[in-house]
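Student: The structure under discussion is supplied below as structure tokens; questions concerning it will follow.
Just so it is clear, none of the values below were taken in a lab; they were calculated from the coordinates. Because the structure is a prediction, the values reported are computed rather than measured. Neighbour counts run over all protein chains shown; Cβ positions are idealised from the backbone, glycine included.
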Amino acid sequence: SQQGEEDPQALSIQEGENATMNCSYKTSINNLQWYRQNSGRGLVHLILIRSNEREKHSGRLRVTLDTSKKSSSLLITASRAADTASYFCATDHTGGFKTIFGAGTRLFVKA
Amino acid sequence: EAGVAQSPRYKIIEKRQSVAFWCNPISGHATLYWYQQILGQGPKLLIQFQNNGVVDDSQLPKDRFSAERLKGVDSTLKIQPAKLEDSAVYLCASSPIAGAGEQFFGPGTRLTVL
């Protein structure tokens, strides 16, 4: 079964606004990653946060991780139309080698 | 560096036919993954190789799906016979080591089973 669950399933915002999407998981992890997928294409890695980290930044991206709540959030600041895509969280869980993807959040940024 | 290559990009077949997909990972990457992504869902791992050995194939429908990674480099995924519910995008990814971070994805093969 898929471990990551994203929320919301879909999000529509205006260009310039911030977008926040959340991910929850069930069992202990080594790290959590966020990927972006543009329509009909392969996934692109955005950012990785390790289980001993609480926050990480990369450009306009900010990721937080709360291991006590088994949840993570991805914040995209000052969104652009080009950020329109599906965003997936993926977890590498403790004791295994398999990465499990969630169902994704579909973000639509209106120009 | 060259990315993950996959072929074909698109394939349309009729149910009960056979189909094969090919993947060439990034040079030097020991771990290779095949994922199935049904429209509107996240990728589901079908099989994971470490070099030419299978690490995980627990979600591979072994009665119809098979995969190999001869010589620990490129890989093929086969479906025989195909069912309607196999319509999906098949993604190949590779990483330097397993379970430790970023995976590099190919463009995928979109399979339509009629």
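Student: If each Cα of the protein assembly as shown is one equal point scatterer, what is log10 of I(q)/I(0) from the Debye formula at q = 0.16 Å⁻¹?
Tutor: -1.10
Student: Can you tell me the dipole magnitude for chain A around its Cα centre, using point charges on the Cβ only (Lys, Arg +1; Asp, Glu -1), in Debye to the nearest 20?
Tutor: 160 debye
Student: Moving on to the next point. If each residue's Cβ is checked for other Cβ atoms within 10 Å, how do B:I12, B:I79 rank with the fewest at the top?
Tutor: Ascending Cβ contact count within 10 Å gives the list B:I12, B:I79.
Student: Build a GNM of chain B with springs between Cα atoms under 10 Å: which of B:F65, B:F21, B:F49 gets the top mean-square fluctuation?
Tutor: B:F65
Student: While we're looking at this one, here's another question. Assuming R0 = 30 Å, can you tell me the calculated FRET efficiency for the pair A:E15 and B:I97, based on Cβ-Cβ distance, to the nearest 0.05?
Tutor: Given R0 = 30 Å and the Cβ-Cβ separation, E is 0.20.
Student: Give the range of the longest stretch in chain A that excludes all GluC sites (Glu not before Pro) found in loop regions by DSSP and having at most 16 other beta-carbon atoms within 10 Å.
Tutor: My reading of the result: A:54-111 is the longest stretch.
Student: In whole angstrom, note down how far apart the Cα centers of segment A:1-70 and segment B:63-94 are.
Tutor: 28 Å
Student: Also, quick follow-up: Identify which of B:Q48, B:Q103, B:Q36 has the largest mean-square fluctuation in a Gaussian network model of chain B, with springs joining Cα atoms closer than 10 Å.
Tutor: B:Q103
Student: Of the cross-linked pairs A:K56/B:K11; A:K56/A:K110; A:K26/B:K71; A:K69/B:K62, which ones have a Cα-Cα span greater than 32 Å in the structure shown?
Tutor: Checking Cα-Cα distances, A:K56/B:K11; A:K26/B:K71; A:K69/B:K62 exceed 32 Å.
Student: Please list B:40-47, B:26-33 highest first by mean number of surrounding beta-carbon atoms within 10 Å per residue.
Tutor: Packing order, densest peptide first, comes out as B:40-47, B:26-33.
Student: Treating only the Cβ atoms of Lys and Arg (+1) and Asp and Glu (-1) as charged, compute the dipole magnitude of chain B about its Cα centre; round to the nearest 20 debye.
Tutor: Using only the charged Cβ atoms, the result is roughly 380 debye.
Student: Same structure again: With label points built 7 Å along Cα→Cβ from the Cα atoms of A:S58 and B:A20, find their separation and express it in nm.
Tutor: 3.6 nm
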